[in-house]
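Report on the structure given below.
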Amino acid sequence: MASWKIVCFFSIVTFWSTATAARDTTWKDCELGRQDPDRSISACSRLLARGPTRVHAAAFHNRGLAFAAKGNLDQAISDVSAGIRLDPNRAYRWQERGELHTQQGKYQQGVADITEAIRLDTTPRAFRFHNRAQAFRGLGDLSHAIADFDEAIRLDPVARLFRFYERGNALRDWGQFDRALSDYEIALKLEPTNAWTLVERGRTYAKMGQPQAAKSDFEAARTLAPSNDDLKRTLEVEIAALTNAPATVVSPPVATAPPQKRAAITTPNDQRAEISSGSAIVVSRQGHLLTNHHVISECERINVPGVGSATLIGQDSGNDLALIQIKTPPDFEAEPLKLTSKSVRLGEDMVALGYPLRALLGEGINVTTGTVSALSGVGNDSTKLQFTAAIQPGNSGGALVDRAGALVGVVRSRLNDITAIKVGGFVPQGINFAIRKEIVTAFLAAQWITLEPMEDGTAGKTVADIAQQARKSVFPVNCLK
């Protein structure tokens, strides 16, 4: 009898030990996360299938990291969110979800999540401020982005290349070129052979109107990494863009005095020479229109055909935006465009609206369709989108809208064919650029103007419906001297 009890005892112990070891192995595999995504997903799923346990929150979190490593950001966010619901007091879970939202282009959610992580963790962490700064930058809130980069550098006094590199990019986008150049200098001292730092400094010189300095940096970057195909393609486009003319209609030059900094008002009998034309978007019922800075920068007079004269209200040359205002006549019919409340997705259908080549194509609005081909501009410029809808000179300042008719960006330019052939040896096909909605909303907010958001779930419209609406929302603009 005693021997039977001993055998049973050892059998129970052996079974318990085997089961415990199996659980330990499963948990260890689940913890692999990004290191071995497939193995982690399989193990975490087995743990989650066993019914509610104290490890469920962690299992969801780890599986979310594994899905993120495989590029499935929607499922990753879903799993990390499940972990947060089960255990909402872990700062690192909010941090991870904030980073995933930022990767997905949902910058507002990214800022909110990382802010919650900072609140939960009473010890300030440099990496959290750095990552929130990246979300702020994507949102177009450059002042908060730079403040967070400053805090990250203060908290982590060890000189780190990526912190100065990223802050330099934000400073450049905000127009603080001298500070940006200083950060790139520090980054190059830390790693003199980093070709991408030279690319970003070159882009800064280009924005400062110093093409020779920009070209010198681009050539130096090419010398440092001659076999890097991504770098090579970027530099081809960058060098081509140095002489890439904006998409405005330019008439034969006339000998006149230099333009005034602030556009004056025309009179009905004021016969002025038109030097360029573009497009503009209605952003308020008080007659405010948004266009590109380069459309009106050389104007002595601004005119909206069929409506009247306009006055320059605000401008941002760094981001190529300008706000003008017309004196609205009693019968003026205008409808401000609504703003898309969704994140723009790669491959999403778009419609470009504007008034190109009016003397050739007619005075009516021009409508073309295409898709979002890239979520950044030349050299990973996060203030721009690339799209394939055809544009011509005169489209500058027009609207890029989604299939619900909501504003996604402001059309800016296209890559110049002849320049691309001369510099890069290629013919660009549908490489067009728009200023992202986040940059647009930040600029308008500084002018105390807010666009009404399009409601989520709004049904898509036909292109004909969008074109009909656009007649009240997008207007031509003439620049006169």
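Hey, can you tell me all the residues within the range 41-83 that are free of Cβ contacts under 8 Å to residues at least 24 places away in the same chain, under 24 Å from Ser343 (Cβ atoms) and of a type in the set (Val, Ile, Thr)?
Passing the criteria: only Val80.
Taking Arg97 as meeting all but one of (1) farther than 22 Å from Ser343 by Cα; (2) crowded, with 24+ Cβ neighbours inside 10 Å, write down the number of the exception.
Going through (1) farther than 22 Å from Ser343 by Cα; (2) crowded, with 24+ Cβ neighbours inside 10 Å one by one, Arg97 breaks only (1).
Identify the single condition in (1) at pLDDT below 80; (2) within 14 Å of the chain's Cα centre (by Cα) that Gly409 does not satisfy, given that it satisfies every other one.
Going through (1) at pLDDT below 80; (2) within 14 Å of the chain's Cα centre (by Cα) one by one, Gly409 breaks only (1).
For the range 62-74, what are the residues that are under 27 Å from the mean Cα position of the chain (by Cα), crowded, with 16+ Cβ neighbours inside 10 Å and not in a loop (DSSP other than H, G, I, E, B)?
Of everything in the range 62-74, those that are under 27 Å from the mean Cα position of the chain (by Cα), crowded, with 16+ Cβ neighbours inside 10 Å and not in a loop (DSSP other than H, G, I, E, B) turn out to be Gly64, Leu65, Ala66, Phe67, Ala68, Ala69, Leu73.
Looking at Val80, Val111 in this structure, which one is outside the structural domain of Leu375 (by TED's automatic domain parsing), at pLDDT below 90, in contact with a helix residue (DSSP H, G or I) (Cβ under 6 Å, 6 or more places away or on another chain) and not in a loop (DSSP other than H, G, I, E, B)?
Val111 is the lone residue from the list that is outside the structural domain of Leu375 (by TED's automatic domain parsing), at pLDDT below 90, in contact with a helix residue (DSSP H, G or I) (Cβ under 6 Å, 6 or more places away or on another chain) and not in a loop (DSSP other than H, G, I, E, B).
Restricting attention to helices (runs of 4 or more DSSP H) lying wholly within the range 166-266, give those where 2 or more residues are within 20 Å of His130 (Cβ to Cβ) and at pLDDT 85 or above.
By residue number, 177-190, 195-207.
If we keep just the residues of the range 147-185 that are acidic (Asp, Glu) and under 17 Å from the mean Cα position of the chain (by Cα), which is surrounded by the fewest Cβ atoms within 10 Å (Cβ to Cβ)?
Glu166
Do we find a residue being touching a residue at least 60 places away in the same chain (Cβ under 8 Å), among the polar types (S, T, N, Q) and within 27 Å of Gly318 (Cα to Cα) anywhere in the range 127-148?
No: zero hits.
Quick check on Thr311: is it polar (S, T, N, Q), surrounded by 17 or more Cβ atoms within 10 Å (Cβ to Cβ) and either in a strand (DSSP E or B) or on the phi > 0 side of the Ramachandran plot (or both)?
Against the criterion (polar (S, T, N, Q), surrounded by 17 or more Cβ atoms within 10 Å (Cβ to Cβ) and either in a strand (DSSP E or B) or on the phi > 0 side of the Ramachandran plot (or both)), Thr311 does not qualify.
List the residue pairs whose Cβ atoms are under 8 Å apart, where the first residue sits in the range 319-348 and is within 15 Å of Lys472 (Cα to Cα), the second is assigned to a loop (DSSP other than H, G, I, E, B) and of a type in the set (S, T, N, Q), and the two are 6 or more positions apart or on different chains.
From the range 319-348, the pairs are Thr328/Gln286; Ala334/Thr328; Ala334/Ser473; Glu335/Ser473; Pro336/Ser284; Pro336/Ser473; Leu337/Ser473.
Please state which one of Arg50, Arg54, Arg34 is exposed (fewer than 15 other Cβ atoms within 10 Å of the Cβ), touching a Leu at 6+ places or on another chain (Cβ under 6 Å) and not in a helix (DSSP H, G or I).
Of Arg50, Arg54, Arg34, the one residue that is exposed (fewer than 15 other Cβ atoms within 10 Å of the Cβ), touching a Leu at 6+ places or on another chain (Cβ under 6 Å) and not in a helix (DSSP H, G or I) is Arg34.
Among the residues of the range 204-221 satisfying the criterion of being farther than 16 Å from Ser317 by Cβ and among the polar types (S, T, N, Q), which is surrounded by the fewest Cβ atoms within 10 Å (Cβ to Cβ)?
Looking at residues that are farther than 16 Å from Ser317 by Cβ and among the polar types (S, T, N, Q), I get Gln212.
For the range 308-330, indicate whether the set of residues that are more than 27 Å from the chain's Cα centre (by Cα) and among the hydrophobic types (A, V, I, L, M, F, W, C) is non-empty.
Yes, because at least one residue in the range 308-330 is more than 27 Å from the chain's Cα centre (by Cα) and among the hydrophobic types (A, V, I, L, M, F, W, C).
Identify all residues within the range 123-146 that are over 22 Å from Lys437 (Cα atoms) and surrounded by 16 or more Cβ atoms within 10 Å (Cβ to Cβ); write none if there are none.
Arg125, Ala126, Arg128, Phe129, His130
Checking the structure you have, find out if any residue of the range 276-284 is in contact with an Asp or Glu (Cβ under 8 Å, 6 or more places away or on another chain), crowded, with 22+ Cβ neighbours inside 10 Å, modelled with pLDDT under 90 and assigned to a strand (DSSP E or B).
yes
For residues in the range 351-380 being small (Gly, Ala, Ser) and modelled with pLDDT of 75 or more, which is surrounded by the most Cβ atoms within 10 Å (Cβ to Cβ)?
Ranking the qualifying residues of the range 351-380, first place goes to Gly354.
The values are calculated or read from the model by the stated rules, or taken from the named source; none is laboratory data. Here the structure is a predicted model, which is why all the values come from computation and not from measurement. Backbone-built Cβ (ideal geometry, glycine too); neighbour counts: all protein chains shown.
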